[in-house]
Amino acid sequence: MSAVSAVRMALNRALIFLGPPGAGKGTQSRRIAERCGVPHLSTGDMFRDAITRGTDLGRMVEPIMKRGELVPDDLVMKMVEQRLSQPDSANGFVFDGFPRTLAQAEQLDRILARKGFGKPLVVDFTVGEDLLLRRLSGRWTCSVRGEIYNIYDAPPKNAGICDADGGKLIQRPDDRPEVVKERLAAYERQTKPLADYYRRQGVLDTVNAAASVEEVGRALREILKRAEGRDGHL
Ligand code: ADP
Ligand code: ADP
C-alpha cells in the first residue's frame with residue numbers, strides 16, 4: 001500500500017457541508033475531497049470562475065452575488081447537473097455551499113437517486129456571528145486555485161502571495177461588511193432550514209466550527225470514519 005492510499009479515506013457518497021458564510025466549509029471541504037480523492041464542488045467557486053471567464057452565466061450571476069443574494073435555483077441546478085455528468089464523481093463528491101435552498105436539496109435527492117447514490121452525509125458547521133465577521137473580514141483567496149487564507153488566523157508566509165503556487169491573493173468583493181450582512185440574512189432565511197430537512201432524514205451531523213482548523217478537521221474525520229461502513233451507494 002502506498003503512503004497516499006494509506007491515508008486515503010473512502011467516501012462513496014455525496015458529502016454536504018452546511019453552514020453560514022465564513023464557517024470554514026471551503027477550508028475543510030478542499031482537504032477532505034483531496035484526502036478521499038473525490039471532486040470538491042463549490043458552487044460559489046464555479047460562479048466566480050464563470051464571472052472571470054466572462055460567460056453568459058457569469059454575466060447573469062455577477063450582480064446577484066455582488067448584492068449578497070442567492071442565485072436562482074434553476075441556474076444553480078443546471079450548473080450542478082452539468083458538473084455531475086462528468087465521469088469523475090463515481091466514488092462520491094464533496095459539496096461546498098450547495099444545496100442552499102429546500103428546492104435545491106429536493107432536486108439533489110432526485111439526482112443522487114438517478115446516479116445510484118443513497119442519502120448524502122450532511123455536516124452542519126455551527127459558529128456564532130462575531131467569529132464569522134472576523135473570519136470573512138480577514139479572508140484572502142488565491143486567484144489561481146482558490147487556496148484560502150486568513151490574515152488573523154491562517155496567514156500566508158509572504159503577504160499577498162499563495163504558499164502553494166505563488167498566485168496573487170485577493171479579497172472577495174462580497175466579503176465587504178455591507179454585503180456580508182445580506183449574505184448572513186439570506187443564509188438565515190433560505191439555507192438554515194435545510195438542517196431540519198436533513199435531520200428528519202437522519203443524515204445530519206454537527207461540528208463546532210468555532211474550534212481551530214485542526215480540531216474541526218479531526219471532528220470531520222471521526223464523522224467520516226463512523227460512516228465508512230454504511231456505503232452511500234443504493
Ligand atoms: P466558508 O467556505 O464557510 O465561507 P472559509 O473556509 O472560506 O469559509 O473560511 C472563512 C475564513 O476563515 C478564511 O479566511 C479561513 O482561512 C478562515 N478559517 C476557516 N476555518 C477556520 C477555523 N477553524 N479557525 C479560524 N479561521 C478559520
Ligand atoms: P461562502 O463560502 O462564503 O458562503 P460561496 O462561495 O459559497 O460563499 O457563495 C458566494 C455566493 O455565490 C453566494 O452569496 C451566492 O450569491 C452564490 N451561490 C453560491 N452557491 C449558491 C447556491 N447553491 N445557491 C444560490 N446561490 C449560490
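Database note for the chain: Cys without another Cys beta carbon under 4.7 angstrom, 36.
Taking the number of other C-beta atoms within 10 Å as the exposure measure, put 11, 194, 131 in order starting with the fewest. Kindly include the intermediate steps, with their values, before the conclusion.
Numbers: 11 23, 194 20, 131 16.
Going from sparsest to densest Cβ surroundings: 131, 194, 11.
Neighbour counting of Cβ atoms within 10 Å sorts the residues 192, 78, fewest neighbours leading, into 78, 192. Pull out a ≥ b ≥ c, the square roots of the eigenvalues of the alpha-carbon gyration tensor of segment 92-195, then state rounded if a/c is under 1.5, prolate if not and a/b is larger than b/c, and oblate in the remaining case. It is oblate, given that a/c is not under 1.5 and a/b is not larger than b/c.
The alpha-carbon of residue 168 sits under 30 angstrom from the alpha-carbons of these lysines, leaving out residues fewer than 8 places away in its chain: 25, 66, 157, 181. Exposure proxy for 32, 161: other Cβ atoms within 10 Å of each Cβ, ordered fewest to most, give 161, 32.
Summarising the strand pairing of the chain, around 35 percent of its internal DSSP beta bridges are antiparallel. A simple rule links phi to the HN-Hα coupling: the Karplus curve 6.51 cos²θ - 1.76 cosθ + 1.60 with θ = phi - 60°, which for segment 136-146 gives 5, 6, x, 7, 10, 10, 5, 6, 8, 10, x Hz, with x for Gly and Pro. Around the amide H of residue 19, modelled in the peptide plane, lie the amide H atoms of 125, all under 5 Å away and 5 or more residues distant in sequence or on another chain.
Run through segment 121-164 and list the trypsin sites (Lys or Arg not before Pro) located in a DSSP loop whose Cβ has at most 14 other Cβ atoms within 10 Å. Each step should come with its number before you reach the end.
Details: sites: 134, 135, 139, 145, 157; in loops: 145, 157.
Here the sparse-neighbourhood loop sites are 145, 157.
Taking the Cβ of residue 162 as the center, what net charge do the other residues with Cβ under 9 Å away carry, scoring Lys and Arg +1 and Asp and Glu -1? Taking every Cβ under 9 Å from that of residue 162, the sum is -1.
None of the figures in this text is laboratory data; all of them are computed from the coordinates on show. It should be emphasised that the depicted structure is a prediction, and the values quoted were computed from it without experimental measurement. With ideal geometry, Cβ positions are generated from the backbone for all residues, glycine too; neighbour counts draw on all protein chains shown.
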